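S.K.: Handing you a structure now.
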Amino acid sequence: MTSELLHDQQKPRTYSFDARPHEPAGAKPAKRLSPARIMIYSLLFVATLYYLLPLYVMVMTSLKGLPEIRLGNIFSPPMKLTFAPWVKAWDGACTGLYCEGLKVGFWNSIKITVPSTIVSIAVASVNGYALTNWKFKGSEVFFAILIFGSFIPYQVMLFPLVIITRELGIFGSLSGIVFIHTIFGMPILTLLFRNYFMSLPPELFKAARVDGAGFWRIFLVILVPMSLPIFAVALILQVTGIWNDFLFGLVFAGLKNFPMTVQLNNIVNATQGVKEYNVNMAAALLTGLVPLSIYFISGKLFVRGIAAGAVKG
Amino acid sequence: MNSIEIKDLSLRFGEVEVLKNLNLSIHKGEFLVLLGSSGCGKSTLLNCVAGLLDLSHGQIFIDERNVTWEEPKDRGIGMVFQSYALYPQMSVRGNLSFGLKNAGIPKAEIAKRIQRAAEILQIQDLLHRKPAALSGGQRQRVAIGRALVRDVDVFLFDEPLSNLDAKLRADLRVEINRLHHRLKNTMIYVTHDQIEAMTLADRIAVMRDGNILQLDVPSQIYNRPINKYIAGFIGSPSMNFLEGKLSAGDNPSFIFGDERFDMSRYRFDGEGQQNGATTLGVRPEHIRTGNAAQEMPISRNIVVEVVEPMGSDTLVRTHLAGQEFRLRMDGLASVNKGDNLLVGFDPAQVSLFETTSEQRL
Ligand SMILES: Nc1ncnc2c1ncn2[C@@H]1O[C@H](COP(=O)(O)OP(=O)(O)O)[C@@H](O)[C@H]1O
Ligand SMILES: [Mg+2]
């Protein structure tokens, strides 16, 4: 009996020793490149080239002198490297009457973007919170109207808004343009925040109410700290949107406060004198730098926010 | 003195009436369990008591005080949720102290209360941790602690153990029981788990479709359910129902198929016996087999059709006069499909229901 048992126990071991090499065992081997894979990768490669090529041309052109540009070899790297176009674009290019470069527009854009972003996100997040957790009579209707607002092309509202801001006495001023950006950011941002707050467990809100926290305390102490990802998304949306805005800046900001995009346009479309392609390229790159860096910076914040905000384990 | 009194409470969500003219009085220090299947309005009722939902109609009194329009924080309640609902960005200590800080309680007092709650719940070592770093059982302890530090007279539990695995559930159940005996405060405990209800409750309120069907001590709910729904809902495996008719008289009997059961030992409720279509309910665990069956007032021979061993006991399925019939046997009993078996039960332990109204006779 005992020997039989022992014998039985040994049997499977011998089996496993002469397992055939092709029998699946252990880690699954990596697949070799299949034709489909090769297709996909080459397609992706071409697409990447397609999008990177213009950027490459811009960077190269901005680093060349005008004589070299006139030779016409747009793909060749600069023979004589120069940063003068960048300096000129920043400091000395003519935007209409003044020749102070893009730096004026840059600071204007900062002055517009920072308060607009903060105010619009602050208002919209409170909106979304109230619409989710403090439903009032007609809150659904209010929300529907708000969402409907995001479907109206904003050119339609341009003229009425000019009149409204004029009546408010903020037309052509910094507060005017901040007001406009806050208004136009409202529908999409409110939707964003409402949907996010809807996805949080309602018990959290109930528990906080039992704990005696009021409207603002629940929002600021409980909800905001666990909503960093959505704030990051809103930040990206607003900063890039407001920075890249041209029309509102042109109409509402007033001469003194023209944002970078408007000034860029003035530089590039200047009709008098030679076309300084290198300066134009440098100016365009400078203008695009801010949204680009926002993507990189807040992308990280985004991931960290998700990791920190883990609700359930 | 009543700790909680609910008068004519109705609650509507738009067109749907979720709670219907509900009345309920809970004594001071009582452990009341609201038991019912999912969606019957248990959580809604609890939220009404907590002040998290506005009533459509009716009043709520806590400690003789009309709190119908009061904010949750002013009602003197603590609440524990199924999903724990811990504030994820705060440590355990932060979670416990949040409500106390909101109430403006001095720091020293807060520390003292947290200390005491942590001791009772055995979470002293976890105070600095974030909820994400806790297991399910620990999280629920913290959630209970959050109600505990509030030093209130009434605890509301909304299925606090449903998210835990079976073993933890059993452990925490005992702890909640112990907690109640120690604190002696009023507790309303919502569950759809009848074991929790039977083991914890002083009284059980069985709910269905926004009504309270029966409010009684667990043994009455189990032994003398007032209608067929409750009889079927309580007990696992569920009660056998045999359809037949009652012939009333000095020696009332239940007749179904060719069978006739003598019901003279049955204790009729209120209005007493009446002739007509009747359902007889008998619990699988009340059925004896073999020699024990012989001593029962009613016994019959059956053929075993399906055997389901469950370890501690064995469930046997069969038919009795053409109607489905289950019985529970000891896990050690050797019984096989096709066996002949003598089964018997005592009419004193069965329930009779009028077939159309499903009310207990
Ligand atoms: N906010 C709400 N709006 C509309 N209907 C609801 C709402 N909350 C709950 N209900 C409905 O009320 C009924 C009872 O819900 P609930 O009290 O959560 O049940 P239980 O806790 O007993 O499972 C359900 O049918 C549910 O669909
Ligand atoms: Mg529920």
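Each value in this text was obtained by applying a stated rule to the coordinates, not by laboratory testing. Treat the numbers as computed from the prediction; the structure is a model and nothing was measured. Note that we place each Cβ from the backbone using ideal geometry, even for glycine, and neighbour counts take in every protein chain shown.
S.K.: Where in region A:102-123 does the label zone of A:Ser175 land, with the point 7 angstrom along Cα→C-beta and an amide N cut-off under 12 Å?
M.R.: Taking a point 7 Å out along Cα→Cβ of A:Ser175, no residue of region A:102-123 has its backbone N under 12 Å.
S.K.: Considering every pair of different Cα atoms, what Kirkwood radius, in Å, is found for region B:117-192? The partial results should precede the final answer.
M.R.: Values: mean 1/r = 0.0776 Å⁻¹.
So the Kirkwood estimate lands at 12.9 Å.
S.K.: Right, something else. What is the calculated FRET efficiency for B:Glu259 to B:Gln59, with r their C-beta to C-beta distance and R₀ = 51 Å, to the nearest 0.05?
M.R.: Using R0 = 51 Å, I get an efficiency of 0.45.
S.K.: Find, among the chymotrypsin sites (Phe, Trp or Tyr not before Pro) in region B:227-282, those assigned to loop by DSSP (not H, G, I, E, B) with at most 16 other beta-carbon atoms within 10 angstrom.
M.R.: On the way: sites: B:Tyr229, B:Phe233, B:Phe241, B:Phe254, B:Phe256, B:Phe261, B:Tyr266, B:Phe268; in loops: B:Tyr266, B:Phe268.
Sparse-neighbourhood loop chymotrypsin sites (Phe, Trp or Tyr not before Pro): B:Phe268.
S.K.: Compute the signed sum of charges (Lys and Arg +1, Asp and Glu -1) over the other residues within less than 15 Å, Cβ to Cβ, of B:Gln124.
M.R.: Details: positive: B:Arg93, B:Lys112, B:Arg113, B:Arg116, B:Arg129, B:Arg141; negative: B:Glu119, B:Asp125.
Taking every other residue near B:Gln124 into account, the sum is +4.
S.K.: By how many degrees, between 0 and 90 and to the nearest 10, does the Cα long axis of helix A:103-133 differ from the longest principal axis of chain A?
M.R.: Tilt of helix A:103-133: around 50 degrees.
S.K.: Another question, if that's okay. Among A:Ser175, A:Ser42, A:Ser76, whose mean-square fluctuation peaks in a Gaussian network model of chain A (Cα, cutoff 10 Å)?
M.R.: Its mean-square fluctuation being the largest, the pick is A:Ser42.
S.K.: In the neighborhood of B:Gly94, defined by Cβ-to-Cβ distances under 10 Å, what is the net charge if each Lys or Arg adds +1 and each Asp or Glu adds -1? Walk me through the numbers before you get to the answer.
M.R.: Details: positive: B:Arg93, B:Lys101, B:Lys130; negative: none.
Spelling it out: positives minus negatives among the neighbours equals +3.
S.K.: Share of Cα-Cα pairs in region B:1-83 beyond 22 Å, in percent? If you can, show how the numbers build up before the last one.
M.R.: Numbers: 686 of 3403 pairs.
Value for region B:1-83 (Cα pairs over 22 Å): 20 percent.
S.K.: For chain A, which longest stretch is free of loop sites, where a loop site is one of the trypsin sites (Lys or Arg not before Pro) that DSSP puts outside H, G, I, E and B and that has at most 15 other Cβ atoms within 10 Å?
M.R.: On the way: sites that count: A:Lys31, A:Arg32, A:Lys80, A:Lys135, A:Lys137, A:Lys275, A:Lys312.
By the stated rule (loop sites, at most 15 other Cβ atoms within 10 Å), A:138-274.
S.K.: Take the cross-link list A:Lys137/B:Lys20; B:Lys73/B:Lys184; A:Lys111/A:Lys135; A:Lys206/B:Lys107; B:Lys20/B:Lys73 and give me the ones stretching past 30 Å between alpha-carbons. Walk me through the intermediate numbers first.
M.R.: Numbers: A:Lys137/B:Lys20 23 Å; B:Lys73/B:Lys184 21 Å; A:Lys111/A:Lys135 35 Å; A:Lys206/B:Lys107 25 Å; B:Lys20/B:Lys73 26 Å.
Correct reply: A:Lys111/A:Lys135.
S.K.: If N is the number of residues in chain A, what value comes out of its Cα radius of gyration divided by 2.2 N^0.38 Å? Display every interim value, and only then the final one.
M.R.: Working: Rg = 29.3 Å, N = 313, 2.2 N^0.38 = 19.5 Å.
With N residues counted in chain A, Rg over 2.2 N^0.38 Å equals 1.50.
S.K.: How well do other chains shield peptide B:153-166, expressed as the mean number of their Cβ atoms within 10 Å of each residue Cβ? Before the final figure, lay out each step's value.
M.R.: On the way: counts 0, 0, 0, 1, 0, 2, 0, 0, 0, 0, 1, 0, 0, 0.
Partner-chain Cβ atoms within 10 Å, mean over residues of B:153-166: 0.
S.K.: Continuing with this model, one more query. How big, in percent, is the set of alpha carbon pairs in chain B lying more than 36 Å apart?
M.R.: On the way: 23189 of 64980 pairs.
So the portion of pairs separated by more than 36 Å is 36 percent.
S.K.: For region B:311-361, which trypsin sites (Lys or Arg not before Pro) are in a loop by DSSP, counting at most 13 other Cβ atoms within 10 Å?
M.R.: Sparse-neighbourhood loop trypsin sites (Lys or Arg not before Pro): B:Lys337.
S.K.: Taking only Cα atoms, what is the 0 to 90° angle, nearest 10, from helix B:136-148's long axis to the longest principal axis of chain B?
M.R.: 60
S.K.: Please work out the C-alpha center-to-center distance from region B:129-180 to region B:208-283 and express it in whole Å.
M.R.: Using only Cα atoms to place each centre, the spacing works out to 37 Å.
S.K.: In debye, nearest 20, what is the charge dipole magnitude of region A:103-309 about its Cα centre with +1 on Lys and Arg Cβ and -1 on Asp and Glu Cβ, if you could check? Let's see the in-between values first.
M.R.: Details: 13 positive and 6 negative charges, 51 e Å.
Taking the Cα centre of region A:103-309 as origin, the dipole is about 240 debye.
S.K.: Please average, across the residues of A:198-209, the number of beta carbons from any other chain that are within 10 Å of each residue's own beta carbon, and give a whole number.
M.R.: Details: counts 0, 0, 1, 5, 4, 12, 7, 2, 10, 16, 7, 7.
Whole-number average of other-chain Cβ neighbours for A:198-209 is 6.
S.K.: Taking the Cβ-Cβ separation of A:Lys111 and A:Arg37 as r and a Förster radius of 30 Å, what is the calculated FRET efficiency to the nearest 0.05? Working shown, then result.
M.R.: Details: r = 50 Å, r/R0 = 1.66.
About 0.05, to the nearest 0.05.
S.K.: While we're here: Using the Cα atoms of region A:96-190 to build a convex hull, what is its mean projected area in square nanometres? Spell out each step's value before the answer.
M.R.: Numbers: hull surface 30.8 nm².
One quarter of the hull surface, i.e. the mean projection, equals 7.7 nm².
S.K.: If you don't mind, there's one more thing I want to ask. Based only on the alpha carbon positions, what is the Kirkwood hydrodynamic radius of the protein assembly as shown, in angstrom?
M.R.: Details: mean 1/r = 0.0308 Å⁻¹.
Kirkwood radius, the protein assembly as shown: 32.5 Å.
S.K.: Report the net charge of residues surrounding B:Val33, where surrounding means a beta-carbon distance below 13 angstrom and charges are Lys +1, Arg +1, Asp -1, Glu -1.
M.R.: Details: positive: B:Lys42, B:Arg173, B:Arg203; negative: B:Glu30, B:Asp158, B:Glu159, B:Asp193, B:Glu196, B:Asp202, B:Asp216.
Neighbourhood net charge equals -4.
S.K.: Check each of the trypsin sites (Lys or Arg not before Pro) in region B:21-105 and keep only those in coil by DSSP with at most 16 other C-beta atoms within 10 angstrom; list them in order.
M.R.: Within region B:21-105, the qualifying trypsin sites (Lys or Arg not before Pro) (loop, at most 16 other Cβ atoms within 10 Å) are B:Lys28.
S.K.: Rounding to the nearest 10 and keeping the result within 0 to 90°, find how far the Cα-based axis of helix B:92-102 lies from the longest principal axis of chain B.
M.R.: Orientation of helix B:92-102: about 70 degrees from the principal axis.
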